[in-house]
Amino acid sequence: MNAEHSFLHISTMTVLGLATFAGFYAGHAARKLRLPSIIGYMAAGIILGPSMLNIYGKEALESLSFITELTLGFIAFTVGSELSLYAIKRLGPGIVAIIFAESFMAFIVVTAAIYFLTGDLPMALIFGAMAPASAPAGTVAVIHECRASGTLTKALYAVVGFDDGLAIVIYGIAAAFSRSLLIEESTGISSSILPLFWEPLKEIVLSILLGLIAGKFFCAAVEKTSKPKTVFIIIVCIVLIVTGLSDRWHLSLILANMTVGFVLVNTKHEAFVKRIKEPLLEVMPLLFIMFFCLAGAHLDIGLLPSLGMIGTVYILARSAGLVGGARMGAVIGKSEEKIRKYLGLGILSQAGVAIGLSLMIKNSFSEIDGAYGIPHAVEIGTVVLTTITASSVVFELVGPVLTRYILKKTGEAAE
């Protein structure tokens, strides 16, 4: 009996407990090496996952996917609760300039680099569309661990909070153009991109609407209690409901839960918001351990050799686009010097959203081949999914290290 079956026979919950235990001590070891704890959590997941010992088998990972969604829901709520309009206004117009500049610059630089390498415009557009998507979990986990505060920390929350929404819009436009180009090149028939553009726009609008409704309900519920345990129960309930509805209606659980937190912080006074968030401080470390152990188990180290030239160019171009775009936006918006110099290095993490979008592309382009007989569409979908999955291993390992570095460098991390 192989490792996967033998451990699954014990029970998936037992495996989760053992992995969390291992991740906890691996996180301690990482901190002794002056690395973020989440590197240790992910390392434990990689060792225990299909890449190595296979204790976390694929079936076990699928059965535990609710933990990933639940943790992302809590992280999104936390990010939203940091997006006070008053605090954002204090950061100045630079934060808006940064969000647009880093997202569009990443898209433009990656599209140009991949097109220069391959001469394939539909493929280049899709890779460009993947570039702006970030992974807020890694950034938020490092901020929590460092107990960071300050203008750079606020800017990081704002950027990782809003750029996923913008990334979905960019993806919708680029995917529509790429699809239209493939169909036109193969059949000579021009197809309208407006119906394809409508889907991502609808996802964003409905996700925000769900969050606004749930946020109003949440604020009304927590106003009636002052007990921390009751508040925590209500938070868990609302995150579960919003995450479940987002999954059921194919909406963005990150945008929806972030909007709940956004409603809270912008409709209630600061002391009230602080009281509501305090119970989360006790449970978030445990969720981070389980989440990043699972994330590490999902990372297929065996894919790294498959990166090749396209993967290498994508990693370098995306990094240059995000860092350069963030700096350009900060200069245009006249942000303070530490935000100009360091913000771009703190937003490189990439995982779930980008992998999800690449999976959507693979499925969508397979449908194009079935409808119009375009094998090249299938090839693009396969290359994009493989490359984005492999490059996410690099970004998930490097991104948190750089985030911790800039928080320490600027003095915003608590000693």
What FRET efficiency, computed as 1/(1 + (r/R0)^6) with R0 = 35 Å and r the Cβ-Cβ distance, is obtained for residue 224 and residue 96, rounded to the nearest 0.05? 0.45
Can you compute the helix-only [θ] at 222 nm over the chain? Use -39500 (n - 2.57) per DSSP H run of at least 4 residues, normalise by all residues, nearest 500 deg cm²/dmol. -27500 deg cm²/dmol
At a 10 Å Cβ-Cβ cut-off, how would you order 269, 298, 144, fewest neighbours first? 269, 144, 298
Anyone know which of 267, 20, 259 comes out most mobile in the 10 Å Cα GNM of the chain? 267
Per-residue HN-Hα couplings for segment 235-241 [Karplus 6.51, -1.76, 1.60; θ = phi - 60°; Hz; x = Gly/Pro]: 4, 4, 4, 5, 5, 4, 5
Projected label distance in nm at residue 53 and residue 274, using a 7 Å step from Cα toward the beta-carbon: 4.3 nm
Output row, site residue 236, 7 Å Cα→C-beta label point, backbone N cut-off 16 Å, window segment 71-89, residues 71-75
Segment 280-338: Kirkwood hydrodynamic radius (Cα pairs, Å) comes out at 15.1 Å
Under 10 Å, Cα contacts only: if you run a Gaussian network model on the chain, which one of 49, 92, 215 comes out with the highest mean-square fluctuation? 92
Note down the nm distance, to one decimal, between modelled labels 7 Å out along Cα→Cβ at residue 281 and at residue 186. 5.6 nm
What is the distance, in nm, between label points placed 7 Å from the Cα along the Cα-to-Cβ direction at residue 371 and at residue 33? 4.8 nm
Listed residue pairs exceeding 19 Å between alpha carbons, taken from 334/409; 216/268; 341/408; 227/268: 334/409
Would you please give the residues with an amide H less than 5 Å from that of residue 349, counting only those at least 5 places away or on a separate chain, with H modeled from the backbone geometry? 135
Could you line up 340, 90 from fewest to most neighbouring Cβ atoms inside 10 Å? 90, 340
If one builds a Gaussian network model of the chain from Cα atoms under 10 Å apart, the most fluctuating residue listed among 50, 375, 122 is 375
Exposure proxy check on 237, 146: fewest-to-most Cβ neighbours within 10 Å is 237, 146
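Considering all projection directions equally, how large on average is the shadow of the alpha-carbon convex hull of the chain, in square nanometres? Let's see the in-between values first.
Details: hull surface 82.0 nm².
Projected area, direction-averaged: 20.5 nm².
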From the Cα centre of segment 312-331 to that of segment 245-262, the distance in Å is 28 Å
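Every number here is computed from the coordinates shown, using simple stated rules; none is lab data. What you are looking at is a predicted structure, and each value in this text was computed from that prediction instead of being measured. Every residue, glycine among them, receives a Cβ derived from its backbone with ideal geometry; neighbour counts consider all protein chains shown.
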